[in-house]
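Note sheet for the following structure.
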2 protein chains.
Amino acid sequence: MSNSSSLKKVLVTGGLGYIGSHVVVSLLLTGKYLPIVIDNCHNAYPEAIKRCAEIARDEMGADAPQPIFHQVDLRDSSAVDEVFAKYAGEGGIWAVVHLAALKAVGESGEIPLQYYKVNVGGSIALLEAMEKYNCSNFVFSSSATVYGTPKTVPIPESSPLQAESAYGRTKQMVEVILQDVCRASADKGDKAVHAVSVRYFNPAGAHPSGKLGEEPMGKPGNLLPLLAQIAVGRQKSDLKVFGDDYPTPDGTCVRDYLHVMDLAKGHVLALDAIASKSIFASCTSAEGMYRAFNLGKGKGMSVLNMIAAMKKASGFEYKYEIVGRRLGDVPDLTADPTLAEKELGFVAEKNLDEMCRDLWNFQTKNGDGYSKQ
Amino acid sequence: MSNSSSLKKVLVTGGLGYIGSHVVVSLLLTGKYLPIVIDNCHNAYPEAIKRCAEIARDEMGADAPQPIFHQVDLRDSSAVDEVFAKYAGEGGIWAVVHLAALKAVGESGEIPLQYYKVNVGGSIALLEAMEKYNCSNFVFSSSATVYGTPKTVPIPESSPLQAESAYGRTKQMVEVILQDVCRASADKGDKAVHAVSVRYFNPAGAHPSGKLGEEPMGKPGNLLPLLAQIAVGRQKSDLKVFGDDYPTPDGTCVRDYLHVMDLAKGHVLALDAIASKSIFASCTSAEGMYRAFNLGKGKGMSVLNMIAAMKKASGFEYKYEIVGRRLGDVPDLTADPTLAEKELGFVAEKNLDEMCRDLWNFQTKNGDGYSKQ
């Protein structure tokens, strides 16, 4: 074992999930951060943490740092408190990367109270525990959905926050709460809360090893996992394209896909920037030490582009039906990624072919997913 | 005793507070509603509930309905659950009037997390309990602060919600959550959640009996109670007027004061309108059965107007000092009250002299407040 005690402890909530597990791997591979994962296993499997450890050993050798896992639900504030208490005597948890959340846009309209309770209430509980244990560094998993239907595309971070779903509103509210928390402590110097919201565009792909990937329960809600499961025969091919009359090059909706390992890297860069405090130089105490960054490629891909790319990766001939527009879909959500590039040094380098190749690699190696391991 | 079992049970959270206790009295006096009060006594005294009962007996005779009190903190969700469970066998709680909240704008900037936890988290817990016990009628105590600095004065309900303090943001968030909850159940007919947000302008005065009034802990944060306490000698007269160079008739800030008994009546009218469902006729299922109304007089009063009015009521010669503007003060917050008049039949009838007279009456009869009873 490496001397883990020299590593900065980073609590990763929702660290077994699709994005969370790739963040955990990326943190391990830095050799600087020790991920402590909490997850309630609501939509994720403990197997993911073993895979993270395995990848770290594959790449760093037998003395690679090992992630730690505690099964904890954020709604159980005494359990959250216990995790902070456990590490308080060992230098404490240095930062929190908060990804745990309910995340299905459609479902959020049906059971909004659960979304507010878990996403907003859970974030408040976490911030309270951080305050109690003097942990003041925070990276928040936000979403491009906070922009609603943006006036300007590509979308800069300065676009108004006007989420159009309960899910998006939970993310927007946590951003607002975070900024208030940062503002309230802004005059406390190093002990001021330093927070970064990273607004995800469309994560895709999987770890190139094929050991980690997206493992949705039930029918995938997102296009790429659905395409992968159709190609591998796990889902029936009832592929629907919702609308081909949008004001986009081929008429179908355009999204900004980025590789999940690039997205994960964005979290590491955010932590690095919090450590160096570089990104807060421009913050006034009236604003608080709070920043928000888009994490996207800045390159739009249409639904038809994605189907073609997955066909190329999998060899599967997709049949699809064009149906009417889906309520709430926005024509084009493409990031302006220049701020994150300039201030975090973030570039989503991997291209669409790599996303599809890695997704397909994961899908074929894990036909039924790692739920069955 | 009247036959209380024929009365509609209304849970009043924060029912011991300044506005809450006047709502409780107003509900009792209708002879239709039975208030069940919960309060954590954080900034209120159980004496208030005795005063409410006394006023009801004075006005309705010995068989006046009596309010019920449970000391409960909204953050304790099992205690909230128990209250709903207790009445579940007796026809259940018909509606909730939710006033419990932290309410100091300045403090909300210092301890925002507490404000979000109590005001937002508490509302979520309450809505969850309502869902569990099939209680679907809700009146929410919102605030004119949700408008921030409005573009149009008098302010219509259609003004954008853009609160400028953490306190105001908690109110705005609960309105947003409420609307999502209403929307999610809109197709459930009578069982759909029906909610009304009442946006308070500046409540003032006291019950005309002198038995109920505002009883702030520590130095009053609001102008009128401060003026009353100065006149009665409970506060030293270090009266400051923050800015006399605003674009208002006399240069000092203008607010829309309404008598607290008028404000309380607004809650009763909102419950009546929920019972008759009249105000939801225009709501689509995409919007949900949700409405918001200003409760104000629609008449602006400046700081200097208020000092003059309190001088008239108390005979006290106020000395004040004009100092610089206070951060965050908006020049003019006057309601457009026409929607509430048209749809709820709400008119804030009592004038400024009555507010000051009733406040002074309460202050002189309760020199040290009812905390000392």
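The values are calculated or read from the model by the stated rules, or taken from the named source; none is laboratory data. Everything quoted here is computed from the prediction, not taken from an experiment. For neighbour counting, all protein chains shown are included, and Cβ atoms are generated from backbone atoms with ideal geometry for every residue, glycine included. Remember, those area values only see protein heavy atoms, side chains included, never the ligands or the DNA or RNA. Shrake-Rupley method; radii C 1.70, N 1.55, O 1.52, S 1.80 Å.
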The one condition residue A:51 fails out of (1) within 14 Å of chain B (Cβ to nearest Cβ); (2) in contact (Cβ under 8 Å) with a residue 24 or more places away in the chain is (1)
Here the residues within segment A:274-295 that are out of contact with any strand residue (DSSP E or B) (no Cβ under 7 Å at 6 or more places or on another chain) and under 20 Å from residue A:26 (Cβ atoms) are A:275, A:276, A:278
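One line per residue, one yes/no per condition, for (1) away from chain B (no Cβ under 14 Å); (2) assigned to a helix (DSSP H, G or I); (3) out of contact with any Pro (no Cβ under 6 Å at 6 or more places or on another chain):
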position	(1), (2), (3)
A:113	no, yes, yes
A:122	no, yes, yes
A:126	no, yes, yes
A:135	no, no, yes
A:141	yes, no, yes
A:167	no, yes, yes
Of those in segment B:175-193 that are in contact with a strand residue (DSSP E or B) (Cβ under 6 Å, 6 or more places away or on another chain) and facing another protein chain (nearest Cβ under 10 Å), the residue surrounded by the fewest Cβ atoms within 10 Å (Cβ to Cβ) is B:179
Per the list (1) outside any helix (DSSP H, G or I); (2) open to solvent by less than 40 Å² (accessible area, probe 1.4 Å), residue check on residue A:263 breaks on (1)
Note on segment A:79-111: residues over 14 Å from residue A:37 (Cα atoms), of a type in the set (Val, Ile, Thr) and not in a loop (DSSP other than H, G, I, E, B) are A:105
For segment A:194-208, check the following and say yes or no: at least one residue is open to solvent by 40 Å² or more (accessible area, probe 1.4 Å), closer than 17 Å to residue A:99 by Cβ and not in a helix (DSSP H, G or I). yes
Can we say residue A:212 is of a type outside the set (Gly, Ala, Ser) and buried (at least 24 other Cβ atoms within 10 Å of the Cβ)? yes
Does residue B:157 satisfy the condition of being in contact (Cβ under 8 Å) with a residue 24 or more places away in the chain, closer than 17 Å to residue B:329 by Cα and open to solvent by 10 Å² or more (accessible area, probe 1.4 Å)?
no
_Yes/no for residue A:174 being touching a Leu at 6+ places or on another chain (Cβ under 7 Å) and within 21 Å of residue B:170 (Cα to Cα)_ = no
Apart from one, (1) out of contact with any Phe, Trp or Tyr (no Cβ under 7 Å at 6 or more places or on another chain); (2) under 23 Å from residue B:358 (Cβ atoms); (3) among the aliphatic types (A, V, I, L, M); (4) modelled with pLDDT of 95 or more all hold for residue B:226; the odd one out is (4)
Notebook entry, point to check: Taking residue B:341, is it among the acidic types (Asp, Glu) and free of Cβ contacts under 8 Å to residues at least 12 places away in the same chain?
Noted result: yes
Open item on the list: residue B:285 - would you say it is among the hydroxyl-bearing types (Ser, Thr, Tyr) and either under 27 Å from residue B:184 (Cα atoms) or not in a loop (DSSP other than H, G, I, E, B) (or both)?
Closed with: yes
In segment A:332-373, anything surrounded by fewer than 17 Cβ atoms within 10 Å (Cβ to Cβ) and over 21 Å from the mean Cα position of the chain (by Cα) is listed as A:364, A:365, A:367, A:368, A:372, A:373
Quick count over segment A:18-31, residues being open to solvent by 10 Å² or more (accessible area, probe 1.4 Å) and without any contact (Cβ under 8 Å) to a residue 40 or more places away in the chain, is 2
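For (1) under 17 Å from the mean Cα position of the chain (by Cα); (2) modelled with pLDDT under 95; (3) crowded, with 21+ Cβ neighbours inside 10 Å, each residue gets a yes or a no:
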position: B:42; (1), (2), (3): yes, yes, no
position: B:51; (1), (2), (3): no, no, yes
position: B:54; (1), (2), (3): no, no, no
position: B:57; (1), (2), (3): no, no, no
position: B:60; (1), (2), (3): no, no, no
position: B:67; (1), (2), (3): no, no, yes
position: B:71; (1), (2), (3): no, no, no
position: B:75; (1), (2), (3): no, yes, no
Taking segment B:301-324 and the residues there that are of a type in the set (A, V, I, L, M), closer than 27 Å to residue B:141 by Cβ and in contact with a strand residue (DSSP E or B) (Cβ under 6 Å, 6 or more places away or on another chain), the one that is surrounded by the most Cβ atoms within 10 Å (Cβ to Cβ) would be B:303
Taking segment B:290-300 and keeping residues touching a helix residue (DSSP H, G or I) at 6+ places or on another chain (Cβ under 9 Å) and open to solvent by 30 Å² or more (accessible area, probe 1.4 Å) leaves B:291, B:297, B:298, B:299
Within segment B:88-111, residues buried (at least 19 other Cβ atoms within 10 Å of the Cβ) and either more than 14 Å from chain A (Cβ to nearest Cβ) or within 25 Å of residue B:134 (Cβ to Cβ) (or both) come out as B:93, B:94, B:95, B:96, B:97, B:98, B:99, B:100, B:101, B:103
